[in-house]
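Structure first, then comments.
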Amino acid sequence: MAHALDRHVALVGFMGAGKSTLGWEVAGRLGRRLVDLDHELARTARRTIPELFEERGEAEFRVLEAEATIAALKNERPAVLALGGGAVETAKIRRALSEHALTVYLEVDPDTAWGRTAGTGRPLAQDEGSFRDLHERRKPMYREVADVTAATAEEIVLAAAGIVVEEGAVGRLPELLPPSEKELVADSTVLGLHGPPLQAPAHALRPGEEAKSIGAVERLWRELQLDREGTVVAFGGGCTTDAAGFAAATYLRGVRWAAVPTTLVGQVDAAIGGKTAVNLPEGKNLVGAFHWPELTVIDPELLQTLPEAERRAGMAEVVKTGLLAGDPFWELPDAQLVRRCAAYKASVCLRDPYEHGERAVLNLGHTFAHALEAAGGYAGVTHGQAVALGLLAALRLSGLETAAVEETLAPEPVRVDRNAAWAALARDKKAREGKPRLVLLEEPGKPVTGIELPEEQVRAALNELIAE
């Protein structure tokens, strides 16, 4: 299963599976138009589907359906397509699906399907016995064309982003990855704890921000032996996936990569959405590329070995995501909070994959956080500490309650040079003419971007984060 960044998301399934209903929700989450093929056929022909069946017969209807479906699939603008229940019976449509779409099978049992469609006037839902026979006959066709099976909008969004969230998924990594030559780039500590997740040449990176240096990535460039069809597999926390992803983006002008995040930060944030980068002494993530992983495998069971300090760092990103979504994700059990956070970030990144607009909301608290990290030399202040403090500043500047941050993360001011922190803040990637542009909240669930405030107000907020 690969992501649908530049492909359609096509929903297939039997009558009553909910393709149109889920299609609208998924289209909204992905920022795409919905093309409901039955509705398009009816609109073009100026006839209802029952009228088309009655006037032209099923055989001619299938010809019209194939023409409309293949034309929609060949349209270069990615959309969410809800296909008619019988579309998969046409070989040309099956081939077009494999070429142009991530195909999602919405499974429905015959009892539920009959309950939803009986008496609605659908041409092939007149007789229950025939209806059940048709369901049984089409089921293997749906499974044949499907890249993934899903039941909810959240599952479809994750699939569209190429994300697998599953306890124990790391044990299935070899079968999930594309069939190509692979090399592993892994956090040395994670390798010691879990061992390599697949048989492949391995390259170890030092833990933490040391991995995100030009020197570390240069070593990877020199050591990698992949050709352009190969895949780099990153196994570790957010720093490992950032560095390995950047190495993949630049080695041989770009090779495929897959992310297997092992920390909470990585699973809810860093490994999702295709941002890769390394640090410079002058600032965090100043050199990087947008390079979406072909696959992201998130296994919450890997969090069992996570030190408490690393967990706190991840919870800062969970709180950030919950504030953006307007939903207290931080109160959920691990498996649920990981899935909810991953799906939220995936939907934002799919709507704005190259950060031309909305994706900037994900920087809530991070303008201050990156400044504190840079002022601490990427050693004196952890990412989790910095994000927690950055969220505190963002909430204060937004005029909102800070309880969610203070009670969940309990951040304490850090000792860094104030002038160095301000210099890093002014050089932030989102700054314009040295003026920081902030992400703030009107209220939880309603972020606003590009906010410029008076320098003295921003400096005062930064100073509150720094110990005397």
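The values are calculated or read from the model by the stated rules, or taken from the named source; none is laboratory data. Everything quoted here is computed from the prediction, not taken from an experiment. All Cβ positions, glycine included, derive from the backbone under ideal geometry; neighbour counts span all protein chains shown. To get the accessible areas, we keep the full protein, side chains included, count just its heavy atoms, and leave off ligands, DNA and RNA. Shrake-Rupley method; radii C 1.70, N 1.55, O 1.52, S 1.80 Å.
Numerical summary
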{"quantity": "Size of charge dipole - segment 221-335 - debye, nearest 20, with Cβ of Lys, Arg +1 and Asp, Glu -1, no other charges", "calculated": "440 debye"}
{"quantity": "Segment 372-441: GluC sites (Glu not before Pro) in DSSP loop, at most 13 other beta carbons within 10 Å", "calculated": "401, 433"}
{"quantity": "Share antiparallel - DSSP beta bridges, segment 203-305, percent rounded to 5", "calculated": "40 percent"}
{"quantity": "Trypsin sites (Lys or Arg not before Pro) restricted to DSSP loop in segment 168-234 with at most 13 other C-beta within 10 Å", "calculated": "228"}
{"quantity": "Area projected by the alpha carbon convex hull of segment 222-356, averaged over all directions, nm²", "calculated": "9.1 nm²"}
{"quantity": "Listed residues 147, 352 arranged by accessible area, highest first, probe 1.4 Å", "calculated": "147, 352"}
{"quantity": "Radius, Kirkwood style, for segment 218-295 when every pair of distinct Cα atoms is counted (Å)", "calculated": "12.3 Å"}
{"quantity": "Within the accessible area of segment 261-356 (1.4 Å probe), percent carbon and sulfur", "calculated": "49 percent"}
{"quantity": "Per residue Cα convex hull volume in Å³ - calculated over the chain", "calculated": "155 Å³"}
{"quantity": "Whole-percent carbon and sulfur share, accessible surface of segment 373-468, 1.4 Å", "calculated": "45 percent"}
{"quantity": "Probe 1.4 Å - accessible area at residue 116, Å² to nearest ten", "calculated": "140 Å²"}
{"quantity": "Where 239, 341 fall by accessible area, highest first, once all protein chains stay in place (1.4 Å)", "calculated": "239, 341"}
{"quantity": "In Å², nearest 10: area of residue 451 left accessible to a 1.4 Å probe", "calculated": "50 Å²"}
{"quantity": "Karplus 3J(HN,Hα) series, Hz, for segment 351-362 with 6.51 cos²θ - 1.76 cosθ + 1.60 (x for Gly, Pro)", "calculated": "6, 9, x, 10, 6, 8, x, 4, 4, 4, 4, 5"}
{"quantity": "Highest to lowest packing among 244-255, 155-166, 260-271, scored as the average C-beta count within 10 Å", "calculated": "260-271, 155-166, 244-255"}
{"quantity": "Residues with amide H under 5 Å from that of residue 296, placed H, sequence gap 5 or more", "calculated": "163, 164, 259"}
{"quantity": "Dipole magnitude of the chain, debye to nearest 20 (Cβ charges: Lys/Arg +1, Asp/Glu -1, about Cα centre)", "calculated": "1120 debye"}
{"quantity": "Per residue solvent-accessible surface (Å²) - the chain, probe of 1.4 Å", "calculated": "43 Å²"}
{"quantity": "Probe 1.4 Å, all protein chains present, accessible-area order of 427, 256, largest first", "calculated": "427, 256"}
{"quantity": "Portion, in percent, of the accessible area of segment 27-97 that falls on carbon or sulfur, probe 1.4 Å", "calculated": "47 percent"}
{"quantity": "Segment 273-376: chymotrypsin sites (Phe, Trp or Tyr not before Pro) in DSSP loop, at most 15 other beta carbons within 10 Å", "calculated": "354"}
{"quantity": "Residue 15 - accessible surface, heavy atoms, 1.4 Å probe, Å² rounded to 10", "calculated": "20 Å²"}
{"quantity": "In order through segment 254-262: 3J(HN,Hα) via Karplus (6.51 cos²θ - 1.76 cosθ + 1.60), integer Hz, x for Gly, Pro", "calculated": "x, 10, 5, 8, 10, 10, 10, x, 10"}
{"quantity": "For segment 64-123: relative contact order, % (alpha-carbon pairs under 8 angstrom, 6 or more apart)", "calculated": "34 percent"}
{"quantity": "Share antiparallel - DSSP beta bridges, the chain, percent rounded to 5", "calculated": "20 percent"}
